[in-house]
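For reference, the structure is listed below as structure tokens.
The values are calculated or read from the model by the stated rules, or taken from the named source; none is laboratory data. These numbers come from a predicted model, not from an experiment. Here Cβ is always computed from backbone atoms with ideal geometry, including for glycine, and neighbour counts include all displayed protein chains. What goes into the accessible areas is simple: the full protein's heavy atoms, side chains included, and nothing from ligands, DNA or RNA. Shrake-Rupley method; radii C 1.70, N 1.55, O 1.52, S 1.80 Å.
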Amino acid sequence: MKKLALLLCLMVSSMAMAQKTEGMVTYVRKDYWSKMINRLTFLNQEQKDRQTQLRKNWEENNKGTKMKMAFNANESLYTYFSTEPEEGGYSWRQYELDLYRNFEKDKKTDIIEMLGKTYVVEDSVHAPVWKIGNQIKEVAGFICMKAETEDPIKNQKITAWFAQDIPVSAGPERMCGLPGLILELNIDDGTVIIEATNVTFRPLTPNDLKLPKVKGKKIDDAAYNKVISQYIAEQMVAHNNPYWEIRY
């Protein structure tokens, strides 16, 4: 009887762990354009005021963009929650965005539409170098720890809040590599915030981690970073906001 009880306890524990490493996360991404515009040092004050005014109504009614991420212990796929605009929200065409990670095989595929093209970025995972702090807070019902890194291409500070209770290295946008699922991202001191609103643990279906079939230009991380760097540099010289066309 003791052996049977021990076996049952181990089975229950194993099932609980499995539930904690597989499921779906719903995120809301909010872009604060006034902060973004005012951080662009190559714009003069008149340009900043004009662009801020153009986005004022949108930002005041900003409900954010719903995103989702399927995850398990080895894989993740981050994309739009729906291709349809939310009721009462603004309607615009969503650019293709599907970010897949396979941590077990150290491979990733990012399908990103920007600058009039669709890029298929295939490379190793290349997780950022994180500095983990000792601050904690609650996100979507989970106690999360703080970690920080920098985006060297866009010169942005990235703050992540990750849940150690969900021992998965995945995260939203192109962020990953922490000892727990990333439930919140703060980009450039609140210019963009991506926050989990719900985590559902359930077995995934093959479709949950399936990338769409698209035609695109295949490149690696180095080539993708070069495209981004060159475009930002060109827009700075022209005194234009590059983030109308690329993701902040």
**Request:** Report, ordered by the first and then the second residue, all pairs with beta carbons closer than 6 Å, sequence separation of six or more or different chains, a first member in segment 173-192 that is under 23 Å from K35 (Cα atoms) and touching a residue at least 12 places away in the same chain (Cβ under 8 Å), and a second member that is among the hydroxyl-bearing types (S, T, Y) and open to solvent by 10 Å² or more (accessible area, probe 1.4 Å).
**Result:** N186/T159; T191/Y32; V192/Y248
**Asked** So which residues in segment 184-206 are more than 27 Å from E150 (Cβ to Cβ), outside any loop (DSSP other than H, G, I, E, B), modelled with pLDDT of 95 or more and out of contact with any Gly (no Cβ under 7 Å at 6 or more places or on another chain), if there are any at all?
**Response** N198
**Item:** So T118, is it more than 22 Å from N186 (Cα to Cα), hydroxyl-bearing (S, T, Y) and at pLDDT 90 or above
**Value:** yes
**Message:** Restricting to segment 136-149, and then to whatever is out of contact with any Lys or Arg (no Cβ under 6 Å at 6 or more places or on another chain) and without any contact (Cβ under 8 Å) to a residue 40 or more places away in the chain, can you tell me which residue is nearest to T41 (Cα to Cα)?
**Reply:** T149
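Would you confirm whether or not segment 157-169 contains a residue that is within 19 Å of S76 (Cβ to Cβ), open to solvent by less than 20 Å² (accessible area, probe 1.4 Å), among the small types (G, A, S) and not in a loop (DSSP other than H, G, I, E, B)? Steps first, please.
Pass one, segment 157-169, residues within 19 Å of S76 (Cβ to Cβ): 158, 160-169.
Cutting the leftovers down to open to solvent by less than 20 Å² (accessible area, probe 1.4 Å) gives us 158, 160, 162-163, 166, 168.
Next, only the ones that are among the small types (G, A, S) stay: 160, 163.
Keeping just the survivors that are not in a loop (DSSP other than H, G, I, E, B) gives 160, 163.
Yes: segment 157-169 contains one or more residues that are within 19 Å of S76 (Cβ to Cβ), open to solvent by less than 20 Å² (accessible area, probe 1.4 Å), among the small types (G, A, S) and not in a loop (DSSP other than H, G, I, E, B).
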**Prompt:** Considering only segment 232-248, how many residues are more than 21 Å from the chain's Cα centre (by Cα) and assigned to a helix (DSSP H, G or I)?
**Reply:** 5
**Asked** Among the residues of segment 79-101, is any open to solvent by 90 Å² or more (accessible area, probe 1.4 Å), modelled with pLDDT of 95 or more and either touching a helix residue (DSSP H, G or I) at 6+ places or on another chain (Cβ under 8 Å) or of a type in the set (D, E) (or both)?
**Response** no
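Tell me, yes or no, whether segment 55-76 has at least one residue that is on the phi < 0 side of the Ramachandran plot, exposed (fewer than 10 other Cβ atoms within 10 Å of the Cβ) and modelled with pLDDT under 90. Steps first, please.
Step one: list which residues in segment 55-76 are on the phi < 0 side of the Ramachandran plot, which gives 55-63, 65-76.
Then keep just the ones that are exposed (fewer than 10 other Cβ atoms within 10 Å of the Cβ); that gives 60.
If we keep only those that are modelled with pLDDT under 90 too, we end up with 60.
Looking through segment 55-76, at least one residue is on the phi < 0 side of the Ramachandran plot, exposed (fewer than 10 other Cβ atoms within 10 Å of the Cβ) and modelled with pLDDT under 90.
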